[in-house]
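The values are calculated or read from the model by the stated rules, or taken from the named source; none is laboratory data. Because the structure is a prediction, the values reported are computed rather than measured. Here the Cβ positions follow ideal geometry from the backbone for every residue, glycine too, while neighbour counts run over all protein chains shown. Protein only, heavy atoms only, side chains kept; ligands, DNA and RNA dropped before computing areas. Shrake-Rupley method; radii C 1.70, N 1.55, O 1.52, S 1.80 Å.
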Amino acid sequence: MRISRRILAGLATASLAVTATSCGGGGTSGSFDDTVTVGILHSLSGTMAISESTLVDTEKMAIEEINAAGGVKVGGKSYKIEYIVEDGASDWPTFAEKSKKLIDQDGVPVVFGGWTSASRKAMLPVYESKDAFLYYPIQYEAQECSNNIFYTGATPNQQSEPATDFMYKRSPAAGGDFFLVGSDYVFPRTSNTITKAQVKQLGGTVVGEDYLPLGNTEVAPIISKIKKALPEGGIIINTLNGDQNVAFFKQIQDAGITPSSGYYVMNYSIAEEEISTIGPEFLEGHYGAWNYMMSIDTPASKKFAASFKKRWGADRVVADPQESAYNMVYLWKQAVEDAGTFDDNAVREALVGQKFDAPQGPVEVMPNHHLSQTVRIGQINAEGGFTILEETGVVLPQAWNQKHPSSKGFACDWTDPSKGEKYKL
Amino acid sequence: MELLLDSLFNGVAIGSVLLVAALGLAIVFGLMGVINLAHGELMMLGAYTTYVTQLIFKLPILKPFYNSYIIVSIFLAFIVSGVVGILLEKTIIRKLYGSPLETLLATWGVSLILQQFVRSVPLAYGTGLVISLLIGLFLPTSFPSKIKESINFKYFKFSSWIFAALTGVLTGSVISSSVSKLSRASARNVDVTAPSWMRGQIEIIGTAFPKTRLMIIVITLISVIAITLFLNQSAWGMRIRAVTQNRQMSDCLGISTEKVDIITFGIGSGLAGVAGVAVSLLGSVGPNVGGNYIVGCFMVVVLGGVGNLLGTVLASFGIGIMTDLIGAGRLLSIWPDMPLPLSNTINFFATTSMARVMIFALIVIFLQFKPTGLFPQKGRMVEN
């Protein structure tokens, strides 16, 4: 009896310790008039944990930076930002459930969260029905424009379109045929529909496309199709997800599909983090397109990378999704200060038009709740980074893609009540 | 000709991955009737063994032998997965013979535990743990029988476990201090890079074949031949066949069924480890790597006819060749001017996702007519 009581007490302490660590607030102390608690909702367990935990780290860092600089100033008072981190567990219904918890129980004014489109689609109805706010930091397939979500990642016209253009016009395989490879879910399929339309406009040919079911790593049939469709080399557009890239690049290299034999792969899901996992020896010479690359040679970019390394370890890298996550925390803070209140409707209005000097360069929140951003094309080098080849000017986001047959001619504008989610141009 | 060769090679390449993965299961599920859902995780342990071996061979003392690490890791993976399999048999499965549903649930639980284990335990200490298991399980049995019969044997057993634990902790710390990559736990997928002699292509009669694929085919062939010889030629193989055919009678005739169970399960698990080495050459190594193969493994075993190795071999090559034929749209290149509706249908199924659907459908239809698979068990031996 005594022992079991002791165990119980131990368990209780342990669980208290867990709650204490999981709900711990921002690091710095200082003199603040009050505190405001925000929600952070990413997968900390399950298959997405590896990727999403880097966003949690970045968001914590942004919050700590803001606190160290005096917090959020609203109505003459300074607020310290505290946060509650919830685990979406790589399980989409859990994201919806935890969103409800953060909004109803914890009463947070804003939630930073999500990675996969599936998780965002699961959360969307929650935020719309409760008229709450989600900030979503990942490059995605667009074709969505919610009044209750702010999207700080790239839309296809801010990533895949300039990339396709580059591949067809200025890459070593310029003018070549295209082969599209992706994982079998919504982002690659939508992205490739847009690419196909664009290649057609450019006058090129898509000679084949294939999708690998998630979890499947047998790429032998895809390789023989690529060899058949592109016998002399050509352009491969790759939207495979996560680990499938490892299988893909290992096996295409063994099969002789390499830059030296005329095959160039443009990747939309491979950033610095993934390059180090896959191994630069498999990726060298291929391409990537992002808004932010760690090799951007500006003071803002260097400072971002340096402070992340200082906070989380010298071997860590920063990549595009993290930069978007970093930006969204700052954009929210600016909007709150402009609105002079944490009230989400006022913040929503104040947010449109916010400008921020992001690590990638200037970004601005547009009326369709997406960001105007710079697009960069980089070639993967032996050191595991990108050698930046091209930089566009600032590209405006299209929530409804102008090349996708189902959304051509539509746009989104939340600042004009008569326009809203989807109106005809 | 070249097309045919290419297609055949691809089919055999895909099939041999399936076969090497399913071979262990063909023994555990086919011969023993144990539905082992942790089979994929035993593969995963084999894949991680390859990764650990690779890193250890990068140490200065072993550096000259780096090119041969993949061969060494095949044997190590067999031992690691085999030992974990034996532990699994001794602690859980032994109590559940004859109750397939409970086995299914228990082994599924084990698979979750193993996945979480590699996520949250540094691989150096994981290696140490396996080493102490190895010593703890085998040191007592290697004592001469005179000592075993003495009353004090349980003390020997006890002290050998203590010795095992100490050795495990020691090797764990040695590895952890010398290979920094193994000293921290990480859920991140890791990468096995084939030694340089195994990368690139090799040309045979005018067609280029990837070397890693050839290596996997060789590993598979050797495993199949070895296991066939073992089952048909060795004394233990005969005992295994006897026990699977009639457990009670074998028991009466003085065969230690307990030992037979351990050996069978150990070999089946060890083969899963070998499969892990093979798949680590194709993709990345992560906690979920085995789970991707488990459905395919059961499919192959059921299609081949439970308990028949030849069936498993034919089923995996059959599925491999079909996957390539359908998935790469081969029929179109063989017969380019077929009628439009037919070529449209073939094009529709010529993607990896649809080929998978098509193959599952074909298997379901096949099993409607032959529910016991290609080579069903015959005779009186089927007790239930």
The set of residues whose placed amide H lies less than 5 Å from the amide H of residue A:83, leaving out same-chain residues fewer than 5 positions away, is A:26, A:38
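Carbon and sulfur atoms: what percent of the 1.4 Å accessible area of chain B do they account for?
It is 71 percent, rounded to a whole number.
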Compute for region B:20-164: radius of gyration divided by Kirkwood radius, i.e. Rg/Rh, restricted to C-alpha atoms, rounded to two decimals. 1.02
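With runs of 4+ DSSP H residues as the only contributors, calculate the mean residue ellipticity of the protein assembly as shown at 222 nm using -39,500 (n - 2.57) per run, divided by the residue total and rounded to the nearest 500. If you can, show how the numbers build up before the last one.
Numbers: 29 runs with 428 residues, N = 809.
So the calculated ellipticity at 222 nm is -17500 deg cm²/dmol.
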For residue B:157, list the aspartates and glutamates whose Cα falls under 20 Å from its own Cα; do not include residues on the same chain fewer than 8 positions away. B:89, B:149, B:258
With equal scatterers on the alpha carbons only and no solvent term, can you work out the Debye log10 of I(q)/I(0) for the protein assembly as shown at 0.07, 0.10 1/Å? -0.60, -1.15
What is the distance in Å between the Cα centres of region A:121-143 and region B:82-121? 40 Å
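Rounded to a whole number, what is D in µm²/s for region B:231-325 from Stokes-Einstein with the Kirkwood radius over alpha-carbon pairs (4 °C, 1.567 mPa s)? Spell out each step's value before the answer.
Working: Rh = 15.4 Å.
Roughly 84 µm²/s, to the nearest whole number.
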Positive-pole candidate from B:220, B:48, B:278, dipole of the protein assembly as shown, charges at beta carbon: B:220
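May I ask you to work out the translational diffusion coefficient for region B:1-98 at 4 °C, viscosity 1.567 mPa s, via Stokes-Einstein with Rh from the Kirkwood sum over Cα pairs, reported in whole µm²/s?
Numbers: Rh = 15.8 Å.
Roughly 82 µm²/s, to the nearest whole number.
If N is the number of residues in region A:143-214, what value comes out of its Cα radius of gyration divided by 2.2 N^0.38 Å?
Values: Rg = 13.7 Å, N = 72, 2.2 N^0.38 = 11.2 Å.
Taking the Cα Rg and dividing by 2.2 N^0.38 Å, one obtains 1.22.
Dipole magnitude of region A:145-207 about its Cα centre, charges +1 at Lys/Arg Cβ and -1 at Asp/Glu Cβ only, in debye to the nearest 20?
Working: 5 positive and 4 negative charges, 21 e Å.
Using only the charged Cβ atoms, the result is roughly 100 debye.
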Using only atoms on other chains, find how many Cβ atoms lie within 10 Å of each Cβ of peptide A:208-218 and report the average. 6
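Which whole number gives the average, over all residues in A:63-69, of C-beta atoms from other chains lying within 10 Å of the residue C-beta? Could you put the intermediate results ahead of the total?
Details: counts 0, 0, 0, 0, 0, 0, 0.
If you average over the peptide's residues, the count of other-chain Cβ atoms is 0.
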Among A:306-318, A:231-243, what's the highest-first ranking by average C-beta atoms within 10 angstrom per residue? A:231-243, A:306-318
With springs connecting C-alpha atoms under 10 Å apart, model chain B as a Gaussian network and identify which of B:96, B:325, B:253 has the largest mean-square fluctuation. B:253
To the nearest 10 degrees, the tilt of helix B:340-349 (Cα long axis) against the first principal axis of the alpha carbons of chain B is 20 degrees
Testing the spin-label approximation: label points 7 Å from Cα along Cα→Cβ at residue A:189 and residue B:181. State their distance in nm. 3.7 nm
Distance check, please: which entries in A:250/B:58; A:130/A:355; A:80/A:130; B:95/B:259; A:169/A:200; A:196/A:408 exceed 19 angstrom between their Cα atoms? A:250/B:58; A:130/A:355; A:80/A:130
At residue A:31 and residue A:297, where each label point lies 7 Å from the Cα along Cα→Cβ, what is the point-to-point distance in nanometres? 4.5 nm
Inter-chain Cβ neighbour average for residues A:219-230, partner chain, 10 Å: 6
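Over 18 Å, how big is the tail of the calculated P(r) for region A:245-317, in percent of all Cα pairs? Kindly include the intermediate steps, with their values, before the conclusion.
Details: 1257 of 2628 pairs.
Summing the P(r) tail past 18 Å for region A:245-317 gives 48 percent.
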Shape of region B:151-297, Cα gyration tensor, a/c cut at 1.5: oblate
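Over the alpha-carbon set of region A:41-160, divide Rg by the Kirkwood Rh and report the Rg/Rh ratio to two decimals. Each step should come with its number before you reach the end.
Values: Rg = 14.6 Å, Rh = 15.0 Å.
Rg/Rh: 0.97.
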So what is log10(I(q)/I(0)) for region A:191-264 at q = 0.21 1/Å, when the Debye sum runs over its Cα atoms only? -1.01
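Mind putting a number on the dipole of region B:41-193 about its Cα centre? Charges go on the C-beta only, +1 for Lys and Arg and -1 for Asp and Glu, and I need it in Debye to the nearest 20. Let's see the in-between values first.
Working: 13 positive and 5 negative charges, 59 e Å.
It works out to roughly 280 debye.
Please tell me the relative contact order of chain B in percent, rounded to the nearest whole number, where contacts are Cα pairs under 8 Å and at least six residues apart. If you can, show how the numbers build up before the last one.
Numbers: 581 pairs, mean separation 129.7, N = 384.
The normalised contact order for chain B reaches 34 percent.
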Taking N as the number of residues in chain B, what is its Cα Rg relative to 2.2 N^0.38 Å? 1.06
How many nm is it between the label spots at residue A:73 and residue A:355, if each spot is 7 Å from the Cα in line with the beta carbon? 2.0 nm
